[in-house]
Amino acid sequence: MTYLTIPISAKDLAQARRQIARAVDGGAEMLELRTDYLTGLMVERVRELLAAVRAAAAGASVPVIVTCRDKAEGGAKDYRETLRMEVLAAAVAAGADFIDCEYANFRRADNERRIRTALSASSKARLILSAHDFSGPFPDARRLCQDIRKACPEAVPKLVYKANHINDCFEAFDLLHGAGGDCIVLCMGEAGLISRILAKKLGGLVTFASIDAQAATAPGQVTAEQLKGLYRHDRIDEKTELFGVIADPVAHSLSPAIHNACFGEQGMNKLYLPLLVQGGQREFDSFMDNVLARGWLDFRGFSVTIPHKRSALDYVRAKGGYVEPLAEKIGAANTIIANSDGTLAAYNTDYAGALDAVTAGMGIGRADFEAMPVAVVGAGGVSRAIVAGLTDAGAKVRIYNRTVEKAERLAAEFECEFAPLDDLRNLDAKLVINCTSIGMHPKVEATPVPKQSLKADMAVFDTVYNPAETLLLKHAAAKHAKTIDGISMFVNQAMAQFRLFTGTDGSAKLMRQVVLGFLISHR
């Protein structure tokens, strides 16, 4: 079993009691009493803290780790070493299930003798020997783990290090995969987030999550609410299939929320992760190679977004995988499928998501795009996918962009027209599509198209989805034009990805509810 462990980082006993009660109510499967956070630490406090746990648990079994962390390895206060050892010994005597001592300190003869003597008097308490590196991976994590086991075979090794890149996480995964459950290996920082989520799949003894963001005791520690809700911790097991969005940045992505909501609704043993892959083609290739070399991770599909869509296409092509013809034409892929036989496939669902949003919003079919005059504002990646889809459907596209040369290059590729932004004053189109970030939160008072250019017989589609109703769409509605919001495209492309991931349809209604709920809560 992997215990969802919530640290108690209180400054005094009264605050500790409140945190313990919240943690137990929030579904903690284990508690870590971080006594190094207490002001004026005394040995007597340990018994009081353990009594508070028993009172809050109300008869239920909630195991407890007692830690008095050395300042050199992330401790909150610089308490003297003798006091820290006294606290750990007192915790054993008071009924703690685990005590956590730094391996570097345990190696000192006096400390080892004190800890072993305390443990010998207990029938249940176990020792966790920990090592931390806040700068990056250990020089040889496997060797360090072996050294800890050699020093105290009955102890639980705990290795925690900062992941400077997501590729640093794979050594942690390898250690957990071969440890047989009696080990703790976690990566700190945003790049290491997935190690905290996947600890349960890989059989780690514990993973840590905070009561709230303010109570986190390590960089990158998510809240228990996020771990249990967004990342479906209670449903994860060794057979859980993995998916994720590869991006930089990735923290803002709503893809984990919408895909995990649909997995949950359909009772699927699948999990969708945020995958922060920094760098360019080399780093992307390294990440994918690491994933595919470890079949036991069960990664089956990826959404791909900025800045990796071209890298995704090139990677699948280099591996001899299938590339969807229109994705090849666009020159970018936003979806990779990793088949169980080791083969890969690349797709682009952006254009389909956009065209489906437009056809639904205008009440037309794909065939109705033939010869339709369409104005596309912007010449970036989103524009490229949409222009490719529209020209493939026969639309008459004109691209407007601030940098005219960029619009000219894109227009030349897809045999359409181009113009400077100033020409939007004389706009003549049946459909207007904003593919820029103009009007996106927080700069919501901006619009890419002059209000006077909009007409009642137009349909106006804004790919921006935060806010759901941009200033452009407000102006269009005021002119009685049809409006299509960016949420529709986002949901449609995600629906297409979900179909590729699972072979079944997700719930567009649920996805839209999740997105709107997020936007409302973050106003």
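For the reader, a short list of remarks on this structure follows.
- The set of residues from the range 419-436 being open to solvent by less than 80 Å² (accessible area, probe 1.4 Å) and not charged (D, E, K, R) comprises Ala419, Pro420, Leu421, Leu424, Leu427, Ala429, Leu431, Val432, Ile433, Asn434, Cys435, Thr436.
- Within the range 383-403, the set of residues being in contact with a helix residue (DSSP H, G or I) (Cβ under 8 Å, 6 or more places away or on another chain), over 15 Å from Pro420 (Cβ atoms) and either among the β-branched types (Val, Ile, Thr) or open to solvent by 10 Å² or more (accessible area, probe 1.4 Å) (or both) comprises Arg384, Ile386, Val387, Thr391, Asp392, Ala393, Gly394, Ala395, Val397.
- Met458 fulfils the conditions (1) out of contact with any strand residue (DSSP E or B) (no Cβ under 9 Å at 6 or more places or on another chain); (2) aliphatic (A, V, I, L, M); (3) open to solvent by less than 40 Å² (accessible area, probe 1.4 Å); (4) farther than 16 Å from Val382 by Cα except for a single criterion, (1).
- If you go through the range 17-48 and keep only what is of a type in the set (D, E, K, R), open to solvent by less than 50 Å² (accessible area, probe 1.4 Å) and not in a loop (DSSP other than H, G, I, E, B), you end up with Glu32, Arg34, Asp36.
- Hits in the range 178-200 - residues which are open to solvent by 10 Å² or more (accessible area, probe 1.4 Å) and within 23 Å of Glu238 (Cβ to Cβ): Gly178, Ala179, Gly180, Gly181, Asp182, Leu193, Lys200
- Single condition Gln452 does not satisfy, out of (1) open to solvent by 90 Å² or more (accessible area, probe 1.4 Å); (2) part of a helix (DSSP H, G or I); (3) in contact with an Asp or Glu (Cβ under 7 Å, 6 or more places away or on another chain); (4) not β-branched (Val, Ile, Thr): (3)
- Conditions (1) within 20 Å of Ser303 (Cβ to Cβ); (2) touching a Pro at 6+ places or on another chain (Cβ under 9 Å): number failed by Leu472: (1)
- Identity of the residue in the range 211-238, part of a helix (DSSP H, G or I) and not hydrophobic (A, V, I, L, M, F, W, C), that ends up least open to solvent (accessible area, probe 1.4 Å): His233
- Restricted to the range 104-125, and to residues there that are outside any loop (DSSP other than H, G, I, E, B) and within 26 Å of Lys162 (Cα to Cα), the residue that is nearest to the chain's Cα centre (by Cα) is Ala104.
- Candidates are the residues of the range 249-282 that are modelled with pLDDT under 95 and either of a type in the set (Lys, Arg) or open to solvent by 50 Å² or more (accessible area, probe 1.4 Å) (or both); the one that is farthest from Leu519 (Cα to Cα) is Pro249.
- Condition check for Ala412: open to solvent by less than 50 Å² (accessible area, probe 1.4 Å) and outside any strand (DSSP E or B): no
- Count of residues meeting criterion [more than 11 Å from the chain's Cα centre (by Cα) and within 23 Å of Ser340 (Cα to Cα)] in the range 217-247: 8
- Extreme residue, nearest to Ala125 (Cα to Cα), among residues of the range 26-50 that are of a type in the set (Gly, Ala, Ser) and in contact (Cβ under 8 Å) with a residue 40 or more places away in the chain: Ala28
- Among the candidates Ala51, Ala72, Ala91, Ala14, the residue that is in contact with a helix residue (DSSP H, G or I) (Cβ under 6 Å, 6 or more places away or on another chain) and in a helix (DSSP H, G or I) is uniquely Ala91.
- Ala375, sole failed condition from (1) closer than 20 Å to Ala332 by Cα; (2) hydrophobic (A, V, I, L, M, F, W, C); (3) open to solvent by less than 50 Å² (accessible area, probe 1.4 Å); (4) not in a loop (DSSP other than H, G, I, E, B): (1)
- Filter result for the condition that a residue is modelled with pLDDT under 95, surrounded by 13 or more Cβ atoms within 10 Å (Cβ to Cβ) and within 29 Å of Pro219 (Cα to Cα), over Ala104, Ala57, Ala96: Ala57
- Neighbours by Cβ (under 7 Å, 6+ apart or cross-chain): first from the range 471-498, closer than 21 Å to Gly353 by Cβ and open to solvent by 30 Å² or more (accessible area, probe 1.4 Å); second acidic (Asp, Glu) and in a helix (DSSP H, G or I): Asn492/Asp356
- Among the conditions (1) touching a His at 6+ places or on another chain (Cβ under 7 Å); (2) within 15 Å of Ile99 (Cβ to Cβ), Leu4 misses just one, which is (2).
- Enumeration of residues in the range 80-93 that are of a type in the set (A, V, I, L, M, F, W, C) and open to solvent by 50 Å² or more (accessible area, probe 1.4 Å): Ala93
- Test: residue in the range 61-73 that is touching a residue at least 40 places away in the same chain (Cβ under 8 Å) and charged (D, E, K, R): yes
- Against the conditions (1) surrounded by 16 or more Cβ atoms within 10 Å (Cβ to Cβ); (2) under 12 Å from Val245 (Cα atoms), Asp314 satisfies every one except (2).
- Filter pass, Leu297 being of a type in the set (A, V, I, L, M, F, W, C), over 19 Å from Arg499 (Cα atoms) and open to solvent by less than 50 Å² (accessible area, probe 1.4 Å): yes
- Residue that is in contact (Cβ under 8 Å) with a residue 60 or more places away in the chain and either within 16 Å of Arg196 (Cβ to Cβ) or open to solvent by less than 40 Å² (accessible area, probe 1.4 Å) (or both), where the choices are Ile166, Ile115: Ile166
The values are calculated or read from the model by the stated rules, or taken from the named source; none is laboratory data. As the structure is a prediction and not an experimental result, all values here were calculated from the model. Cβ atoms come from the backbone with ideal geometry, glycine included; neighbour counts cover every protein chain shown. These area figures cover heavy atoms from the full protein model, side chains too; ligands, DNA and RNA do not enter into them. Shrake-Rupley method; radii C 1.70, N 1.55, O 1.52, S 1.80 Å.
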